[in-house]
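Asker: Sharing a structure below in structure tokens format, with a few things to ask.
The values are calculated or read from the model by the stated rules, or taken from the named source; none is laboratory data. Everything numeric here is computed off the predicted structure, so don't read it as measured data. FYI the Cβ positions are ideal-geometry reconstructions off the backbone, even for glycines, and counts take in every protein chain you see.
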Amino acid sequence: MNILIIGNGGREHAIAEALLKNEETECVYISTHNGGAHERIINAELLNNDIESIDKFLVKTQIDLVIVGPEQFLSEGIIDHLEAKGIKAFGPRKLAARLESSKAFAKEFMGKYQIPTAKYFKYDNYDAALAGLQEFGYPVVIKADGLCAGKGVSICQNKKDAVQALTDIFHNRIFGDQGAEIVMEQFLSGFEASLLCFVSGNKIYPFDTAMDYKKIYDNDLGPNTGGVGCISPNPYWTTDLDQQSNEIIRKIEQGLAEENLGFTGILFIGYLVENGKLYVLEFNTRFGDPETEVLLPRLKSDLLTNIIQTIEGKPVELDFAENVAMATILVSQDYPGKYETGYEISGLDLVDPDILVYHNGTKQIIDANSDQKVKIVTNGGRVLSVVAVKENLAAARQAVYNNINRIHFANMSYRTDIGKTIDNY
Ligand SMILES: Nc1ncnc2c1ncn2[C@@H]1O[C@H](COP(=O)(O)OP(=O)(O)O)[C@@H](O)[C@H]1O
Ligand SMILES: [Mg+2]
């Protein structure tokens with residue numbers, strides 16, 4: 001079986017490696033370029049990362065399954081498009097992908113099916129939103145409705161910040177049409193947990209939990225990022241939370257069936273726990289990054305089998321090992337601001353054989369004459385996910401940082417406290 005993965009980050013690299021474990025898998029193509037490609041993981045090097053160039057690729061290459069990573073493609077209806085051409089594709093159709101691509105749609109869904117979430121109102125103009133601020137104290141959370149690459153949420157500490165956020169969205173239109181509507185919601189304080197699930201035939205099959213580190217600096221300081229560290233299972237998860245989560249999952253299943261969304265693929269539930277109570281912050285409709293990099297190495301069942309079970313609407317036989325995975329992401333200095341790329345990465349050959357290194361933003365430089373790979377250089381803000389899977393967090397943490405010491409590139413930066421402050425674990 002030949003598989004095409006749309007996307008090219010650490011998530012896609014981790015998916016590709018997991019797919020290769022099934023002997024039915026011949027080659028896994030990465031739609032653009034991932035510096036970690038080797039042997040049967042092949043860069044398709046599609047210059048324009050769009051549906052048209054994917055179509056052209058599918059004409060000249062025999063592909064049996066397409067797996068979609070990024071949310072943008074799902075919201076544009078790539079699954080509907082591929083299915084119409086008779087190509088097997090993994091992910092939700094455009095209508096179901098609205099659970100991620102419209103925060104207002106997701107909140108309405110949660111309200112209708114009594115899924116616990118922060119109290120909210122939605123607005124489509126500045127004046128109404130400004131008046132709406134009176135409904136909330138501070139901090140208040142203002143979210144652009146549409147897809148904003150993780151930049152659409154503002155946590156406003158006071159009225160001045162909130163007015164600025166509303167001005168930016170409605171008057172300065174910094175998110176364009178993605179900010180045509182907003183969700184304004186109550187601020188919840190607590191810790192977050194990520195739960196990925198397969199959704200097959202309106203039934204939800206949860207993965208194990210994960211905890212994502214979003215802030216760029218140690219001690220959770222600095223701006224939000226796409227995720228710079230991750231642990232699975234989430235160290236703060238309890239059996240009580242598991243029960244609450246299962247109740248929520250039953251309600252989501254009911255909603256998916258009654259709304260007739262035909263949801264197939266991955267549903268990522270972003271939870272927040274406030275005073276022991278579970279709330280849904282948001283849904284994503286695809287694999288999370290970096291969650292995928294710590295979840296798939298713990299997967300005991302076969303990923304390709306689970307994906308096919310999901311596409312066919314069958315029960316998904318999902319199984320996780322009783323171990324702990326931890327990832328620290330090596331980033332380019334100044335990320336998530338403006339950063340430089342193109343620096344050579346050394347030491348990848350020095351890491352221990354049981355350490356997994358997924359490429360988030362790297363590029364292989366190939367010698368045109370010999371066709372040989374000459375070096376790997378940085379090519380993104382997030383560069384590499386260094387992952388260890390061990391019997392406990394302390395061992396995983398030690399292994400990750402020992403191995404990071406062997407990897408070098410100019411302007412390399414990373415958090416030193418992933419997993420550090422978790423003592424009861
Ligand atoms: N109601 C809320 N209370 C507290 N923090 C929130 C709330 N909603 C979102 N956040 C914070 O903002 C982050 C981003 O919000 P989220 O809804 O996940 O949007 P996105 O991932 O699309 O940017 C969350 O991970 C969380 O840290
Ligand atoms: Mg989120």
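Asker: Quick check on L256: is it closer than 16 Å to T310 by Cβ, of a type outside the set (D, E, K, R) and either within 16 Å of ligand 1 (Cβ to nearest atom) or surrounded by 17 or more Cβ atoms within 10 Å (Cβ to Cβ) (or both)?
Answerer: Details: closer than 16 Å to T310 by Cβ: yes; of a type outside the set (D, E, K, R): yes; either within 16 Å of ligand 1 (Cβ to nearest atom) or surrounded by 17 or more Cβ atoms within 10 Å (Cβ to Cβ) (or both): yes.
Taking the combined requirement at face value, the residue satisfies it.
Asker: Looking at segment 137-152, I want the residues that are more than 16 Å from R173 (Cα to Cα) and have a partner that is among the aliphatic types (A, V, I, L, M) and within 7 Å of ligand 1 (Cβ to nearest atom) with Cβ atoms under 6 Å, at least 6 apart or on another chain. Which pairs are those?
Answerer: Listed by first residue and then by second, the contacts come to P139/I155; V141/I155.
Asker: Within segment 187-200, take every residue that is part of a strand (DSSP E or B) and more than 15 Å from ligand 2 (Cβ to nearest atom) and give me the one that is nearest to V280 (Cα to Cα).
Answerer: C197
Asker: State which residue pairs qualify: first residue assigned by TED's automatic domain parsing to the domain that holds E293 and inside segment 30-59, second residue part of a loop (DSSP other than H, G, I, E, B) and surrounded by fewer than 16 Cβ atoms within 10 Å (Cβ to Cβ) in any location, beta carbons under 6 Å apart, and separation of 6 or more residues or different chains.
Answerer: Correct list of pairs: empty, since none qualify.
Asker: With the structure loaded, tell me whether F109 is surrounded by 15 or more Cβ atoms within 10 Å (Cβ to Cβ), farther than 27 Å from M211 by Cβ and either in contact (Cβ under 8 Å) with a residue 60 or more places away in the chain or within 12 Å of ligand 1 (Cβ to nearest atom) (or both) or whether it fails that test. Spell out how you get there, then give the answer.
Answerer: Details: surrounded by 15 or more Cβ atoms within 10 Å (Cβ to Cβ): yes; farther than 27 Å from M211 by Cβ: no; either in contact (Cβ under 8 Å) with a residue 60 or more places away in the chain or within 12 Å of ligand 1 (Cβ to nearest atom) (or both): yes.
Spelling it out, it is not the case that F109 is surrounded by 15 or more Cβ atoms within 10 Å (Cβ to Cβ), farther than 27 Å from M211 by Cβ and either in contact (Cβ under 8 Å) with a residue 60 or more places away in the chain or within 12 Å of ligand 1 (Cβ to nearest atom) (or both).
Asker: Have a look at D367, D302 and point out the one that is of a type in the set (D, E, K, R), touching a residue at least 40 places away in the same chain (Cβ under 8 Å) and away from ligand 1 (no atom under 16 Å from the Cβ).
Answerer: Exactly one residue qualifies, and that residue is D302.
Asker: Looking at segment 355-374, which of its residues are outside any strand (DSSP E or B) and surrounded by 12 or more Cβ atoms within 10 Å (Cβ to Cβ)?
Answerer: Selection gives I355, N360, G361.
Asker: Given the conditions (1) small (G, A, S); (2) part of a helix (DSSP H, G or I); (3) surrounded by fewer than 17 Cβ atoms within 10 Å (Cβ to Cβ), and given that G222 satisfies all but one, which numbered condition is not satisfied?
Answerer: Condition not satisfied by G222: (2).
Asker: Then there's this: Is one or more of the residues making up segment 375-389 surrounded by 24 or more Cβ atoms within 10 Å (Cβ to Cβ), at pLDDT 95 or above, more than 16 Å from V294 (Cβ to Cβ) and not assigned by TED's automatic domain parsing to the domain that holds K300?
Answerer: yes
Results for (1) under 22 Å from G226 (Cα atoms); (2) away from ligand 2 (no atom under 13 Å from the Cβ); (3) surrounded by fewer than 20 Cβ atoms within 10 Å (Cβ to Cβ), shown as yes or no for each residue.
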{"site": "V141", "(1), (2), (3)": "yes, no, no"}
{"site": "A144", "(1), (2), (3)": "yes, no, no"}
{"site": "K151", "(1), (2), (3)": "yes, no, yes"}
{"site": "L166", "(1), (2), (3)": "no, yes, no"}
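Asker: Please find, within segment 264-294, the residue that is farthest from ligand 2 (Cβ to nearest atom) out of those that are among the charged types (D, E, K, R) and crowded, with 23+ Cβ neighbours inside 10 Å. Show your work before the answer.
Answerer: Just the residues of segment 264-294 that are among the charged types (D, E, K, R), to begin with: 274, 277, 282, 286, 289, 291, 293.
Now narrow it down to the ones that are crowded, with 23+ Cβ neighbours inside 10 Å: 286, 289, 291, 293.
Numbers: R286: 12, D289: 11, E291: 11, E293: 16 Å.
Only one residue tops the list, namely E293.
Asker: Tell me, yes or no, whether segment 202-216 has at least one residue that is part of a loop (DSSP other than H, G, I, E, B) and either surrounded by fewer than 21 Cβ atoms within 10 Å (Cβ to Cβ) or touching a residue at least 24 places away in the same chain (Cβ under 8 Å) (or both).
Answerer: Within segment 202-216, the first condition is being part of a loop (DSSP other than H, G, I, E, B), and the residues that meet it are 202.
Going one step further and asking which of them are either surrounded by fewer than 21 Cβ atoms within 10 Å (Cβ to Cβ) or touching a residue at least 24 places away in the same chain (Cβ under 8 Å) (or both), we end up with 202.
Yes, some residue in segment 202-216 is part of a loop (DSSP other than H, G, I, E, B) and either surrounded by fewer than 21 Cβ atoms within 10 Å (Cβ to Cβ) or touching a residue at least 24 places away in the same chain (Cβ under 8 Å) (or both).
Asker: Only residues in segment 75-95 that are outside the structural domain of F283 (by TED's automatic domain parsing) count as the first member; pair them with residues that are at pLDDT 95 or above and among the basic types (K, R), Cβ under 6 angstrom, at least 6 apart or cross-chain, and list the lot.
Answerer: G77/K94; I79/R93; D80/R93; D80/K94
Asker: Quick check on G137: is it over 25 Å from E100 (Cβ atoms), surrounded by fewer than 20 Cβ atoms within 10 Å (Cβ to Cβ) and touching a strand residue (DSSP E or B) at 6+ places or on another chain (Cβ under 9 Å)?
Answerer: yes
Asker: So for segment 319-338 (the condition being away from ligand 1 (no atom under 16 Å from the Cβ), part of a strand (DSSP E or B), surrounded by fewer than 22 Cβ atoms within 10 Å (Cβ to Cβ) and modelled with pLDDT of 95 or more), does at least one residue qualify?
Answerer: yes
Asker: Right, here's the next one. Out of E293, E282, which single residue is within 16 Å of ligand 1 (Cβ to nearest atom), touching a residue at least 24 places away in the same chain (Cβ under 8 Å) and of a type in the set (D, E)?
Answerer: Details: E293 fails: within 16 Å of ligand 1 (Cβ to nearest atom).
Exactly one residue qualifies, and that residue is E282.
Asker: Among the listed residues G288, G229, G262, identify the single one that is within 15 Å of ligand 1 (Cβ to nearest atom) and either part of a strand (DSSP E or B) or on the phi > 0 side of the Ramachandran plot (or both).
Answerer: G229 is the lone residue from the list that is within 15 Å of ligand 1 (Cβ to nearest atom) and either part of a strand (DSSP E or B) or on the phi > 0 side of the Ramachandran plot (or both).
Asker: Consider only pairs whose beta carbons are under 6 Å apart and that are at least six residues apart or on different chains; among these, list those whose first residue lies in segment 232-251 and is over 21 Å from D212 (Cα atoms) and modelled with pLDDT of 95 or more and whose second residue is of a type in the set (S, T, Y) and not in a helix (DSSP H, G or I).
Answerer: Hits for this filter: K251/Y113.
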